[in-house]
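These notes concern the structure reproduced below.
The values are calculated or read from the model by the stated rules, or taken from the named source; none is laboratory data. For clarity, every value in this text was computed on a predicted model and none was experimentally measured. Counting neighbours? That spans all protein chains shown, and the Cβs are built from the backbone with ideal geometry, glycine included. In case anyone asks, the SASA skips ligands and DNA or RNA and just uses the protein heavy atoms, side chains included. Shrake-Rupley method; radii C 1.70, N 1.55, O 1.52, S 1.80 Å.
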Amino acid sequence: QVQLVESGGGLVQSGGSLRLSCVSSGSISSIAIMGWYRQAPGKPRESVALSTNDGSTNYADSVKGRFVISRDNAKKTVYLQMDSLKPEDTAVYYCNANDKRGSIWGQGTQVTVSS
């Protein structure tokens, strides 16, 4: 059973940057999809960025051009670089690992973007 721990959230002004980290207790190189999701108060959880183990990535329209997901397999870590942050990016961000064995979630890290 893989465990995921997110970090890097915080308070930042509009236009600023943050880098979120998701550290896995086990190898991530064989996990089909690593992803970042977010959930704002009163809204459903949504996909932000996905990374497949063949190197492909996918981004929500709302973050394209601003966010980049990446993997460091040696460090068993997936990152989300967030630039040009907007107040509407405010949410709890969750790391997710998904493959044929199921789906695993981290506990989340809060990102707050002020106006």
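Find the accessible area per residue for the chain; the probe is 1.4 Å, ligands and nucleic acids are left out, and the unit is Å².
Ligands and nucleic acids excluded, the result is 53 Å² per residue.
Which residues among region 18-43 fall inside the zone where the amide N is under 17 Å from a point 7 Å beyond the Cα of D99, along Cα→Cβ?
Inside the label zone: 23-36.
As an exercise, take the mean of 1/r over every pair of distinct alpha carbons in region 10-65, invert it, and state the Kirkwood radius in angstroms.
13.4
For K76, go through the lysines and keep the ones whose alpha-carbon is under 24 Å away, minus same-chain ones fewer than eight residues off.
K100
Could you tell me the accessible area of R38 in Å² (1.4 Å probe, neighbours in place), rounded to the nearest ten?
10
Taking a cut-off of 23 Å between Cα atoms, list the lysines near K64, but don't count ones fewer than 8 places away on the same chain.
K43, K86
Tell me, what is a quarter of the convex hull surface for the C-alpha atoms of the chain, in nm² with one decimal?
Approximately 6.7 nm², given one-decimal rounding.
Roughly to the nearest percent, how much of the accessible area of the chain is carbon and sulfur, given a 1.4 Å probe?
That share works out to 47 percent.
Would you tell me the accessible area of K43, worked out with a 1.4 angstrom probe on the heavy atoms of the protein chains, in Å² to the nearest 10?
My reading of the accessible area for K43 is about 130 Å².
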